1. Among (1) under 14 Å from the mean Cα position of the chain (by Cα); (2) touching a residue at least 60 places away in the same chain (Cβ under 8 Å), which single condition is ALA118 missing?
2. Return only the number of the condition from (1) open to solvent by less than 20 Å² (accessible area, probe 1.4 Å); (2) part of a strand (DSSP E or B) that LYS201 does not satisfy.
3. May I ask you to verify whether GLY216 is open to solvent by less than 40 Å² (accessible area, probe 1.4 Å) and in a loop (DSSP other than H, G, I, E, B)?
4. Within the group LEU243, LEU277, LEU250, which residue is touching a Leu at 6+ places or on another chain (Cβ under 7 Å), surrounded by 15 or more Cβ atoms within 10 Å (Cβ to Cβ) and farther than 13 Å from GLY184 by Cβ?
5. Identify, by number, the condition in (1) open to solvent by 30 Å² or more (accessible area, probe 1.4 Å); (2) closer than 26 Å to ALA98 by Cβ; (3) of a type in the set (Ser, Thr, Tyr) that THR268 doesn't meet.
6. Consider VAL221 carefully, then state whether it is of a type outside the set (Ser, Thr, Tyr), open to solvent by less than 20 Å² (accessible area, probe 1.4 Å), touching a Leu at 6+ places or on another chain (Cβ under 9 Å) and within 23 Å of LYS317 (Cα to Cα).
7. Would you mind finding the one in PHE219, PHE202, PHE228, PHE190 that is of a type in the set (Phe, Trp, Tyr) and in contact with a helix residue (DSSP H, G or I) (Cβ under 6 Å, 6 or more places away or on another chain)?
Amino acid sequence: MAPSVSRSAMLVGAAAAAAWVTGIAFTAPGQVSAPATGVRVGNVRGARVQASGEAGSTSGTALALGGMCAAVALARGAKSIRKALSQDELKKMVGYKAVDDYVQSGTVIGLGTGSTAAFAVERVGEKLKSGELKDIIAIPTSIRTQEQAESLGIPLATLDTHSDLDVAIDGADEVDPALNLVKGGGGALFREKIVEMCAKKFIVIVDESKLCDGLGPGFPVPVEIVPFCHEHTMRKIASLPALKGCDPVLRLGNVANNQPDGDEPAVTDNGNYIVDLKFTSPIKDPVAAGEQLKATVGVVDHGLFTGMTTACIVAGKEGII
């Protein structure tokens, strides 16, 4: 008959596995100590495991087996936790990293608008409060961002007094392989563009769901237009050669949401309307499309941000890609 495995030995084995994960050296049943010199954290062979009793005892065998089983369970659990990251956690990850990597004391920064950019604003506020950052001046790209920044004690200015920015950080609705963007889902595309064009570095922060092979089909391209004769302007936009096949839809309700949630036209911070251009196939030439939109009378600006991105920080299901 095979020898029975004691419950205490199994518990010791589990403790040994926990020690492996945390980097604590397990020296004897019931005793733990800090890692000895040369013990490598995360290396099973580096943790010294000893069992009491005779050599080859069932207690020692169970200790090893219990440790291995618990280690496998813990490793699988850790992997599940990584895979369970929510979209907000991914947004927070890239927002914090962008600030940590690109924002230094004494700089002028552009603060983007949207659910991802809000985490970057949050991080700036945290680091100012802790003293890690000092002498920061920030330019917000919307009233929403301005209000958030003010609540966090971030010193603010405008381009009228500070038009030379060191860095701007913002999210995007789509990113193609050339780092061209679709922005404006939150209705702040004009203020975002005018601020981010003034930055020496423009850092884009997204989760991997925003990556695409071509701009257009995955997210409608927002265009800010003046209210006067807006239906005429929409027809002109639809007839532009580089935008052939697009379906212009006037945004209704909340300007920060491109899904219809009201009966009245959505109004931007600048008092204008938003038209969302829907595509069934990728825009062949985003640069030409942007130029033709900009040249259309009645168009204030558009959500095609081409040739502007310095770097794009992307969060995948298991962390920063």
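The values are calculated or read from the model by the stated rules, or taken from the named source; none is laboratory data. Remember, predicted model here, so these are calculated numbers, not experimental data. Using ideal geometry, Cβ is built from the backbone for each residue, glycine included, and neighbour counts are taken over all protein chains shown. Please note that ligands, DNA and RNA were not included when accessible areas were found on the heavy atoms of the full protein model with its side chains. Shrake-Rupley method; radii C 1.70, N 1.55, O 1.52, S 1.80 Å.
1. So ALA118 meets the others, but not (2).
2. Failed condition: (1).
3. On the way: open to solvent by less than 40 Å² (accessible area, probe 1.4 Å): yes; in a loop (DSSP other than H, G, I, E, B): yes.
Answer is yes for this residue.
4. Just a single option satisfies the conditions, and that option is LEU243.
5. It fails just one condition, (1).
6. So VAL221 does not fit the description; no.
7. PHE202
For (1) touching a strand residue (DSSP E or B) at 6+ places or on another chain (Cβ under 6 Å); (2) within 30 Å of ASP164 (Cα to Cα); (3) touching a residue at least 24 places away in the same chain (Cβ under 8 Å), each residue gets a yes or a no:
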| residue | (1), (2), (3) |
| --- | --- |
| GLU208 | yes, no, yes |
| LEU215 | yes, yes, yes |
| GLU224 | yes, yes, yes |
| HIS232 | no, no, yes |
| PRO248 | yes, no, yes |
| GLY253 | no, no, no |
| GLN259 | no, no, no |
